[in-house]
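*Asks:* If you scroll down you'll find the structure; I have some questions about it.
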Amino acid sequence: VDTYLDFNKYPNKDKALEGFDSYVSERWNKMQSELPEGVGNSLESQVVWSSITGNTRSALSESYDRNLDKFNMSMLSDETHALWRTATSPTPDGIDWGGAIRTSVDTMFTLGAKSGLTNQDITEQVRTDMLNNAKTEVNKGNFSEAQELIKQLRFYKRNGQQIFNDAATATLLSGIEKNARDGLNTLATRDQADIDRENALNSKRMESLFL
């Protein structure tokens with residue numbers, strides 16, 4: 001069955017089921033030729049064969065629909081991730097996080113609709129991708145950028161509706177925001193420690209001049 005879930009080879013379910021039916025027909029003809037005469041083409045054999053292949057065909061049909069959504073979602077995420085990298089490239093004026101969010105989200109909804117994905121599916125993927133983008137900034141040590149991205153996500157509205165203020169997303173954003181804040185505090189503490197060490201060294205240098 002997995003053979004017919006290759007969406008590059010079988011871009012729609014009809015093609016996949018046609019391929020499966022052709023395979024079943026070939027296997028049936030081969031089985032008839034290998035079984036004793038009167039057995040392979042008996043009514044009992046046909047009933048058993050039809051039952052097995054029918055169940056498999058139904059399972060293939062369901063799996064195709066389920067996996068096609070996952071495939072389209074993965075392709076959608078890959079395309080918008082490349083767009084996101086371009087939109088968030090540093091410039092002398094800084095990164096326009098609000099613009100990057102609008103461009104990426106609009107693109108995801110446009111491409112997702114063309115792929116037959118539901119608005120809810122696209123919305124969930126948008127939330128996941130943006131949360132991952134915020135986490136990436138924190139992991140890279142870009143704590144201030146992460147805070148600005150989270151701020152813009154909270155402001156963002158699509159068709160007048162906020163899509164990043166649901167309970168689950170809001171909780172995760174708060175957690176990422178805390179990590180960014182903790183990162184900034186750590187940097188500030190480290191910078192102050194460096195300043196203190198430098199001041200101590202300067203004091204010793206000054207003292208040595210009078211010895």
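*Asks:* What figure in square angstrom, to the nearest 10, would you give for the accessible area of I101 with a 1.4 Å probe?
*Replies:* Its accessible surface works out to 0 Å², give or take rounding.
*Asks:* Right, next: If N is the number of residues in the stretch 79-184, what value comes out of its Cα radius of gyration divided by 2.2 N^0.38 Å?
*Replies:* Output field value: 1.04.
*Asks:* Work out, step by step, the length gained on full extension between R181 and L17: first 0.36 nm times the residue separation, then minus their alpha carbon distance; give nm to one decimal.
*Replies:* Separation in residues times 0.36 nm, less the Cα-Cα distance, equals 53.7 nm.
*Asks:* Related question: Among the listed pairs K13/K135; K9/K114; K15/K70; K114/K157; K135/K157, which are separated by more than 30 Å between their Cα atoms?
*Replies:* Cα-Cα > 30 Å for K13/K135; rest within.
*Asks:* State the Cα centre-to-centre distance between the stretch 135-153 and the stretch 65-98 in whole Å.
*Replies:* Between the Cα centre of the stretch 135-153 and that of the stretch 65-98, the gap is 16 Å.
*Asks:* Relative to the present Cα-Cα distance, how much length would full extension add between A188 and D106 at 0.36 nm per residue of separation?
*Replies:* 25.8 nm
*Asks:* Which cross-chain or sequence-distant (5 or more) residues have an amide H under 5 Å from the amide H of R158, H modelled 1.01 Å from N in plane?
*Replies:* Those lying under 5 Å, H to H, from R158 are I163.
*Asks:* Given a Förster distance of 22 angstrom, what is the FRET efficiency for N159 paired with E79, based on the Cβ-Cβ distance and rounded to 0.05?
*Replies:* With a Förster radius of 22 Å, E is 0.50.
The values are calculated or read from the model by the stated rules, or taken from the named source; none is laboratory data. In this text the structure is predicted, and so the values were computed from the model without any measurement. Neighbour counts run over all protein chains shown; Cβ positions are idealised from the backbone, glycine included. Heads up: the accessible areas ignore ligands, DNA and RNA and are worked out on the full protein's heavy atoms, side chains in. Shrake-Rupley method; radii C 1.70, N 1.55, O 1.52, S 1.80 Å.
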